[in-house]
1. Answer yes if at least one residue in the range 69-81 is in contact (Cβ under 8 Å) with a residue 40 or more places away in the chain, in contact with a Pro (Cβ under 9 Å, 6 or more places away or on another chain) and not hydrophobic (A, V, I, L, M, F, W, C), and no otherwise.
2. Among the residues of the range 1-31, write down those that are β-branched (Val, Ile, Thr) and at pLDDT 95 or above.
3. Would you pick out the residues in the range 30-50 that are surrounded by 13 or more Cβ atoms within 10 Å (Cβ to Cβ), touching a residue at least 24 places away in the same chain (Cβ under 8 Å) and either of a type outside the set (Val, Ile, Thr) or at positive phi (or both)?
4. Could you figure out which of (1) of a type in the set (A, V, I, L, M); (2) closer than 30 Å to Ala3 by Cα; (3) modelled with pLDDT under 95 isn't true of Leu95?
5. Condition (residue is part of a helix (DSSP H, G or I) and basic (Lys, Arg)) applied to the range 83-93: is it met by at least one residue?
6. Looking for whichever is more than 13 Å from Ser20 (Cβ to Cβ) and free of Cβ contacts under 8 Å to residues at least 12 places away in the same chain here; the options are Gly86, Gly60. Which one fits?
7. Just checking, which of Ala73, Ala61 is modelled with pLDDT of 95 or more and surrounded by 15 or more Cβ atoms within 10 Å (Cβ to Cβ)?
8. So which residues in the range 57-104 are within 18 Å of Tyr37 (Cα to Cα) and touching a Lys or Arg at 6+ places or on another chain (Cβ under 9 Å), if there are any at all?
Amino acid sequence: MSARWSWVMRLTAAACLAASGVVHAQLYVQGYRAIPYIGIAFLAQALGSALIALLLLAWGAPVIELAGAALSASALGAFVLSRTVGVFGFVEHGLVPAPQALLSVVTEAAALGILAVSLLARRPATRQDWVAAARPRAVLEARST
């Protein structure tokens, strides 16, 4: 994958994660903070999404892409659970609250898909390649001089 295509994918995934984070922050402020366990989960999702989005833009290492994919997958899983069996006794139905539920599902699914494609397209051949890819460029340049 070319460097330009990789940058476009990271930028798009970061935008999706940031949008998901904004939705979760908005719902937290609008009342989810009062729901035991769920409120703190929404706050953690919002903060985690913002942090990973920034790291994707600044660093873009495979480990950051993996963290973004895991965060998106866990949010989608929690969404499904909250509409079926419930999460800590919290149950919602359909795409309520609207439009936040739909926006959250779309942005998280898009981020997960983009990050999965990006990881699979550039998967290193060996463990040493993964470790080298996870190191910041400044560390690698300092070691080579």
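The values are calculated or read from the model by the stated rules, or taken from the named source; none is laboratory data. Just so it is clear, the model here is predicted, and its values are computed rather than measured. Cβ placement follows ideal geometry from the backbone for every residue including glycine, while neighbour counts extend to all protein chains displayed.
1. Keep residues of the range 69-81 that are in contact (Cβ under 8 Å) with a residue 40 or more places away in the chain, which gives 69, 71-72, 75.
Still in the list and also in contact with a Pro (Cβ under 9 Å, 6 or more places away or on another chain): none.
No, that holds for no residue.
2. Filtering the range 1-31 down to residues β-branched (Val, Ile, Thr) leaves 8, 12, 22-23, 29.
Result: Thr12, Val22, Val23, Val29.
3. Let us first name the residues in the range 30-50 that are surrounded by 13 or more Cβ atoms within 10 Å (Cβ to Cβ), namely 32-33, 35, 38-50.
With touching a residue at least 24 places away in the same chain (Cβ under 8 Å) added as a condition, the list becomes 35, 38, 41, 45-50.
Those that are surrounded by 13 or more Cβ atoms within 10 Å (Cβ to Cβ), touching a residue at least 24 places away in the same chain (Cβ under 8 Å) and either of a type outside the set (Val, Ile, Thr) or at positive phi (or both): Ala41, Gln45, Ala46, Leu47, Gly48, Ser49, Ala50.
4. Here Leu95 meets the rest and fails (2).
5. Yes, that holds for at least one residue.
6. Gly86
7. Working: Ala61 fails: modelled with pLDDT of 95 or more.
Of Ala73, Ala61, the one residue that is modelled with pLDDT of 95 or more and surrounded by 15 or more Cβ atoms within 10 Å (Cβ to Cβ) is Ala73.
8. Once the filter is applied, which keeps residues that are within 18 Å of Tyr37 (Cα to Cα) and touching a Lys or Arg at 6+ places or on another chain (Cβ under 9 Å), the range 57-104 yields Val91, Glu92.
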